[in-house]
RNA sequence: GGCCCCGUCGUCUAGCGGUUAGGACACCAGGUUUUCAUCCUGGGAAUCAGGGGUUCGAUCCCCCUCGGGGUCACCA
């Protein structure tokens, strides 16, 4: 049984785009193999905890159609799915490790640790815990425990080397001496990530640990833990980190990290997922646009590239445009309506959509084309005062039109242009700006039809 | 800096010992068009990071160098 998982920590306001990427892969791999996709909330960092963040993450996942089979709300046979409710478990295994000699109590203060670290840094050595508490006698330990001196439990890294096999990167071996005696259980009784993931991934029978590359360095510690606990190793697959155009890791400092940002900019969820799927992976037929269902069919973990791709918003934008153009009218109308709240009435969107659909690449851009339907222009992109005569003539010609249809409106205007001896391009540009305020707009005749005779004429009168 | 990962057009990528190194985005030129966009046609763009091997033959296998990234917390 394939069981994958993502372990988000509820420390941000929303899902990070990189998290969505690994979520997609974990979800797809589980679906492809008729397995289960689990979301386990890792809320062990009490200092950075953000209220409601866990719910928000689940909500976002749901919005993208990446619903977990088991999570803290839905529940499941391996719950609880939030680490703060599993504290006894971590403690139990931490204690077991201590009794086996694979972990030990440490009573060092933060100050002392900082001192040790600083010394190491000035000596240009690896900042590592100096094992000050490793050789405490049983009496000393129980005495300190008795006195309730704050303490942590540290992993006792043995000598030798540790290796593991990564599905995407092959076998990786490292010398244990480069490893630090990692804290497993913090003084507040919460586990660190390392203890938490290992215990939970095992207890929840996770078969494939698929996560970002940034975790690779800590895998050996986890492998040691599995080994000490005599647990079977899951399959590891470290997917590349998404990078910014500046080549760095997509950081929280730079704007485009949160999934909500993309949604606010008018990107479609399907397009975001499709684009993400193409990061470090490609469709066997080199297709660029495909559905989630198709993705599940053809996707395989082994085909993921190890090198870190740059997340390019320009290509995402192109893809978004493709999705918008292919989208069924009713669905698009709904998306746009929701996107703008109540700003645009549904029937207006419906009528203008045929003119605008193929012109926009994001939902947000709809406003640039449709805004003039809502209100008359307040300013004009070109100087229109010199076209007074043109507007007067057009206005009176249009006044005579009884059948207010685009085609008819066009004919009448063509004739005015001809009578005036003015080039079509110039004539229509003047009219376009007069009606919409802009040099770029949806097709004029149709726009005027939608605007209505009265409103159109009133806009002309305004500038005569 | 130590350790680890990675390295094909600007970007995303195909390639899996013998290819005119292919596609997509972006860009440029042209066509359609009452603007813009769509659509169509064409173009430039990777000495496959560099240098050594292995081989009849390397983008592909091995080594070194260089470059980029990640990681070195009682954060995940």
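Read-outs throughout are calculated quantities, based only on the coordinates presented, and are distinct from any laboratory measurement. This structure is a prediction, so every number in the text was calculated from the model and none was measured. Here Cβ is always computed from backbone atoms with ideal geometry, including for glycine, and neighbour counts include all displayed protein chains.
In chain A, inverting the average of 1/r over every pair of distinct C-alpha atoms gives 26.7 Å as the Kirkwood radius. Shape verdict for the range A:376-463, please, from the Cα gyration tensor: rounded (a/c under 1.5), prolate (a/b greater than b/c) or oblate. Cα axes put the range A:376-463 in the rounded bin.
Relative to the longest principal axis of chain A, what angle (0 to 90°, nearest 10) does the C-alpha long axis of helix A:453-463 take? Approximately 90 degrees, to the nearest ten.
Taking the average, over residues, of other Cβ atoms within 10 Å as the packing measure, peptides A:265-272, A:92-99, A:172-179, A:132-139 rank A:265-272, A:92-99, A:172-179, A:132-139 from highest down. Using only Cα atoms and rounding to the nearest 10 degrees, what angle (0 to 90) does helix A:424-436 make with the longest principal axis of chain A? In chain A, helix A:424-436 runs at an angle near 60 degrees to the longest axis. Average projection, convex hull of the Cα set of the range A:328-367: 2.4 square nanometres. The relative contact order of chain A comes to 13 percent, based on Cα pairs under 8 Å that sit 6 or more residues apart.
Computed packing ranks the peptides A:21-32, A:182-193 as A:21-32, A:182-193, most packed first, by mean other Cβ atoms within 10 Å.
Averaging sequence separations of C-alpha pairs under 8 Å and six or more residues apart, then dividing by the length of the range A:6-110, give the relative contact order as a whole percent. Don't skip to the answer; put the middle values down first.
Numbers: 111 pairs, mean separation 29.5, N = 105.
Relative contact order of the range A:6-110: 28 percent.
Using C-alpha pairs below 8 Å separated by at least 6 residues, the relative contact order for the range A:328-367 is 41 percent. Compared with the dominant Cα axis of chain A, that is its longest principal axis, helix A:346-356 is turned about 80°.
Determine, for each peptide in A:365-371, A:421-427, the mean count of other beta carbons within 10 angstrom over its residues, then list the peptides with the highest first. Don't skip to the answer; put the middle values down first.
Working: A:365-371: 19.3, A:421-427: 12.3.
In descending order of packing, they fall as A:365-371, A:421-427.
Over every Cα atom in the range A:86-239, the radius of gyration and the widest Cα-Cα span, Dmax, amount to 16.1, 49 Å.
Which of A:449, A:288, A:358 has the fewest other C-beta atoms within 10 Å, and how do the rest follow up to the most? Could the numbers behind the result be given before it?
Details: A:449 20, A:288 14, A:358 10.
Lowest count first: A:358, A:288, A:449.
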